[in-house]
Amino acid sequence: MRVLHLSYHDAGGGAARAAFWLHTGLKKIGVTSQMLVVKRRSADADVTECRTDRSLCGRLSRKARRIVQEAPLRRFAGYDPDGFRRFSTERSWYGDELLRDLPGCDVINLHWIAGMFDVSALFRLLPVHLPVVWTLHDMNPLTGGCHYDQGCGKFVENCGRCPQLVSDREGDPSRTALRNKRRAFAEVSEDRFCLVAPSEWLASCARASSLFRRFAVESIPYGIDTLDFAPRDQRWAREVLGIQFEGPVLLFVASTVNDPRKGFRQLKEAVEKTDAPVFLLSVGGGVYERTERSLHLGNVGADSLLSLVYSCADVFVITSLQDNLPLTVLEAMACGTPVIGFGTGGIPDAVQDGVAGRTVPIGDVPALALAIAEVVQNPEHWRGLRVQCRNVVMERYTLEQQAHSYARKYRELIDRC
């Protein structure tokens, strides 16, 4: 069985890392797996960058497509291509260029493909009997452009008057994009296409969506490398990082601490409400001023170093206001670090109260502050969760378990086609 993964990146953000780890897990269990990406960062020989027309004509053509595609979006006050509210329609600067020369395979697994190609070209250019699995890493495949709908819910029926674009038009680009996606999938057979969501929450969104409700949707959680992410000696880890604080250390990890959806502001407010002293350690892009009771490490690239960071903390705090199944939660637990977080998306799937940590209502800063205070008041209880956290990951979230689940799904589709 030959699997081809299509993903914009193979490293960097959570979706790219998740796609690469699935590819790695499949190879570990003997499945032939390749990745085709726009931007390659790994040294894996089975990851290939898409071949694009690098001539002056090709580059100008892509630039012209970008200008044409962005022009309708730039009319709306909420469109900010360089901001945190990413908005990706069904079109791409590459058109169908990246689909013209795909390597041979028995099944294609789509991942985070926003900007790779026009969705309308996908099933038009792929062989008619080639099965396709789409792994949902966020909500964008279901919507008219947003990657997280912030509770809007319009994808269930029809987008339009998009809150994230600050639009008052029914026929805005979000409605156009969803309509074009619907047309692209109208002729696709249920036998050759299915969706996989890492969290039960995202699976339920896909089943409810106007675009995908007729297709099969399965929930297969992410798997992570439990060798790279494993418990390290906490005292030694703090010495390496230069943390001399004697009280509890809270850890926050995100692509950037400045992204409002990641909730770093709510975490800081909760820490301020906590009378007992705690140390706040943060990882990711953005700027956060260091104090006597905080340290911002910036981006940490190597998994081995990131494992050390997780291990030094008493608790990992995830304050996402909307999220899928964040890899950071599984990484922390694999390192034996309990989790406190808002009960959004797939976080409650992994973090069972009293087993791996605690979840509180979404956006409830006082409840978050109380949960943090418990770590200070009852440190023995939270230290006692460390082994349980690791056990949960070993039982449910390893690369091999994820790979076997996907391999069964691939085989099922191949046999049907």
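Computed from the coordinates by the stated procedures, all read-outs in this text should not be read as laboratory data. A quick note: this is a predicted structure, and the numbers were derived from the prediction, not measured. Counting neighbours? That spans all protein chains shown, and the Cβs are built from the backbone with ideal geometry, glycine included.
Per-structure values
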| item | result |
| --- | --- |
| Under DSSP loop assignment and at most 12 Cβ neighbours within 10 Å, longest GluC sites (Glu not before Pro)-free interval of the chain | 1-156 |
| Label-point separation in nm, D364 to R416, each point 7 Å along Cα→Cβ | 4.0 |
| Dipole moment magnitude, nearest 20 debye, region 94-161 about Cα centre, only Lys, Arg, Asp, Glu C-beta charged | 180 |
| Karplus-derived 3J(HN,Hα), 6.51/-1.76/1.60, for each residue of region 124-132, Hz, glycine and proline x | 6, 9, 6, x, 5, 9, 7, x, 10 |
| Listed residues A367, T337, S174: farthest to the positive end of the dipole of the chain (Cβ charges) | S174 |
| For region 270-287, 3J(HN,Hα) per residue [Karplus equation, 6.51 cos²θ - 1.76 cosθ + 1.60, θ = phi - 60°, Hz, x = Gly/Pro] | 5, 4, 5, 7, 8, 5, 5, x, 9, 10, 9, 10, 10, 10, x, x, x, 10 |
| D53/E246 FRET efficiency (R0 60 Å; Cβ-Cβ; nearest 0.05) | 0.50 |
| Order of T344, T48 - criterion: other Cβ atoms within 10 Å of each residue's Cβ, fewest first | T48, T344 |
| Region 234-396 shape via C-alpha gyration tensor axes, a/c threshold 1.5 | rounded |
| Correct option for Rg and Dmax of the Cα atoms in Å [calculated from the coordinates] among [x] 21.8, 65; [y] 25.6, 89; [z] 21.8, 72 | [x] |
| Sorted by Cβ neighbour density within 10 Å, fewest at the top, the residues M1, M116, M333 | M1, M116, M333 |
| Greater than 26 Å apart at Cα, pairs in K27/K181; K39/K154; K154/K181; K39/K268 | K27/K181; K39/K154; K39/K268 |
| Whether region 256-314 is rounded, prolate or oblate, judged on the alpha carbon gyration tensor where a/c under 1.5 counts as rounded | oblate |
| Global geometry of region 58-145, whether rounded, prolate or oblate, following the gyration tensor of its Cα atoms and the 1.5 cut on a/c | oblate |
| Cut-off 11 Å between beta-carbons: net charge of the residues surrounding F117, Lys and Arg +1, Asp and Glu -1 | -1 |
| Degrees separating the helix 14-28 axis from the principal Cα axis of the chain, which is the longest one | 80 |
| Span from the region 302-338 Cα centroid across to the region 8-29 one, whole angstrom | 18 |
| On Cα atoms only, tilt of 386-396 relative to the major axis of the chain in degrees | 20 |
